[in-house]
Amino acid sequence: MVQEITFSQWLKTRRKLLDLTQQVLAERVNCSVEMIYKIEAGQRRPSPQIARLLATELNIPPSEQDAFVRFARAATPTLLHTRQVESTPWRDAFIPHNNLPLQLTALIGREHDLEAAGGRLRQDDVRLLTLLGPPGIGKTRLALQLGTDTLLDFPDGVYFVELASITQPERLIPAIARALDMSIDGHKKPLASLQDYLFERRLLLILDNFEQLLAAAGDVHAILAACPLVKVVVTSRAPLRIRGERQFPLSPLALPARIDDLNLQGLAGYAAVRLFIERARAVQPQFALTADNAVVLAALCARLDGLPLAIEIVAAQVAVLQPEEILDHLTGRRLLESQGMADVDARHQTLNAAIDWSYRQLEPDEQTFFRRLGVFVDGCTLAAAQAVCQPRQDVVQMLTKL
């Protein structure tokens, strides 16, 4: 599958491939360095004259320069596979291979996280970035967007490896090999074969849902140690705890601390509320934030703790219920079994399913500790947790595991 690419992304990649600085390119097309910077940042479109000069300086064949100008001059940030711009070799050649699934909805409320995670991933000394958080926090969605946004940083590709259905550590390497569409050498161990394949490749692996394969963390370390150009993004509910890992915990979406003194514009600025409105409109196009429902929507998002999965599941209920009715049902916990999207993994189809799946991943002593913490409704102190746990149990270690 080929991901989308904007003209600004293409221009930056093409310029670097030709070993041109922004200053040199600006001089050749008779414009300011600031203009080139803004074009590459997606903030400006080149004029027809500048677009023609860019075509010449970037070695676009004369027969394809008209298509190039249309690509450069599109009124919106034109994507590679839209009907506005025909596919041409000079653009297709610069899109790394990838198997990233196309996303059908916008990523909402994670702009800061996306920028911060992308910045860390681009650091030379960051080889393993682990996105951490509870079920439904949006780890997979952020990882996919991160892969899309950094696609041009990895000329040998970005590969998504779905691990939710895999529980045996020895199946990790074959799963990665399948995602890469590579054959494992029957005369070598699978890990050695994979290391040989990746040794000279500059690519990104996205290992999704790693929490049930923590025993295979050593294989990830072995890949990174033997393949200096490879980087890995992991989504997991627990860290891998290997050298070189950079942890990136995800928090719930932003919520208003108080709602009684917020105006509609201020309330609509909170990510949790924005997500609720957007997903509600998917089933009820006329849905809007109003003075009548503002307090209820804020209360709903707060009741759901800003958890994206919970918000998406509950927002879909506006097709049959008013927000006040949803809040009443939610307070009674009856919406915990509301069905989610059909194309979502079964363990994320309902809130109860997500919680139950996570609970079953715990060791018996961890399950006991988790149940005992259930007596605390609004959180607890370390001392309070110690008071309800088993004798001689390491509370700090247990809380870290949970």
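The values are calculated or read from the model by the stated rules, or taken from the named source; none is laboratory data. Everything quoted here is computed from the prediction, not taken from an experiment. Quick reminder, even Gly has a Cβ in these numbers, built from the backbone with ideal geometry, and neighbours come from all protein chains shown.
Annotations for the structure displayed:
- Residue within the stretch 237-245 that is in contact with a helix residue (DSSP H, G or I) (Cβ under 7 Å, 6 or more places away or on another chain), part of a helix (DSSP H, G or I) and either modelled with pLDDT of 95 or more or of a type outside the set (A, V, I, L, M) (or both) present: no
- Test: residue in the stretch 17-37 that is in contact (Cβ under 8 Å) with a residue 60 or more places away in the chain, closer than 18 Å to Pro155 by Cα and surrounded by 14 or more Cβ atoms within 10 Å (Cβ to Cβ): no
- Residues that are within 22 Å of Ala74 (Cβ to Cβ) and modelled with pLDDT of 90 or more within the stretch 15-29 comprise Gln22, Leu25, Ala26, Val29, listed in sequence order.
- Pair list, Cβ under 8 Å, 6 or more apart: the stretch 129-148 residue within 11 Å of Asn209 (Cα to Cα) and modelled with pLDDT under 95, other residue of a type in the set (Phe, Trp, Tyr) and not in a strand (DSSP E or B): Pro135/Trp357
- Single residue of the stretch 369-393 satisfying the filter (surrounded by 11 or more Cβ atoms within 10 Å (Cβ to Cβ) and modelled with pLDDT under 75) that is nearest to Ala238 (Cα to Cα): Gln393
- Filter pass, Ser236 being surrounded by 22 or more Cβ atoms within 10 Å (Cβ to Cβ) and under 16 Å from the mean Cα position of the chain (by Cα): yes
- Qualifying residue in the stretch 60-67 (condition: loosely packed, with under 13 Cβ neighbours inside 10 Å, assigned to a helix (DSSP H, G or I) and at pLDDT 90 or above): no
- Leu255 vs. criteria outside any helix (DSSP H, G or I), outside the structural domain of Val126 (by TED's automatic domain parsing) and within 21 Å of the chain's Cα centre (by Cα): yes
- Residue within the stretch 165-184 that is of a type in the set (Ser, Thr, Tyr) and modelled with pLDDT of 95 or more present: no
- A Cβ distance below 7 Å, combined with a sequence gap of six or more or placement on separate chains, defines the contacts here; from the stretch 287-315, residues that are not assigned by TED's automatic domain parsing to the domain that holds Gly133 reach residues that are acidic (Asp, Glu) in the pairs Val296/Glu324.
- Checklist (1) out of contact with any helix residue (DSSP H, G or I) (no Cβ under 6 Å at 6 or more places or on another chain); (2) in contact (Cβ under 8 Å) with a residue 12 or more places away in the chain; (3) of a type in the set (D, E, K, R) applied to Asp196, failing item: (2)
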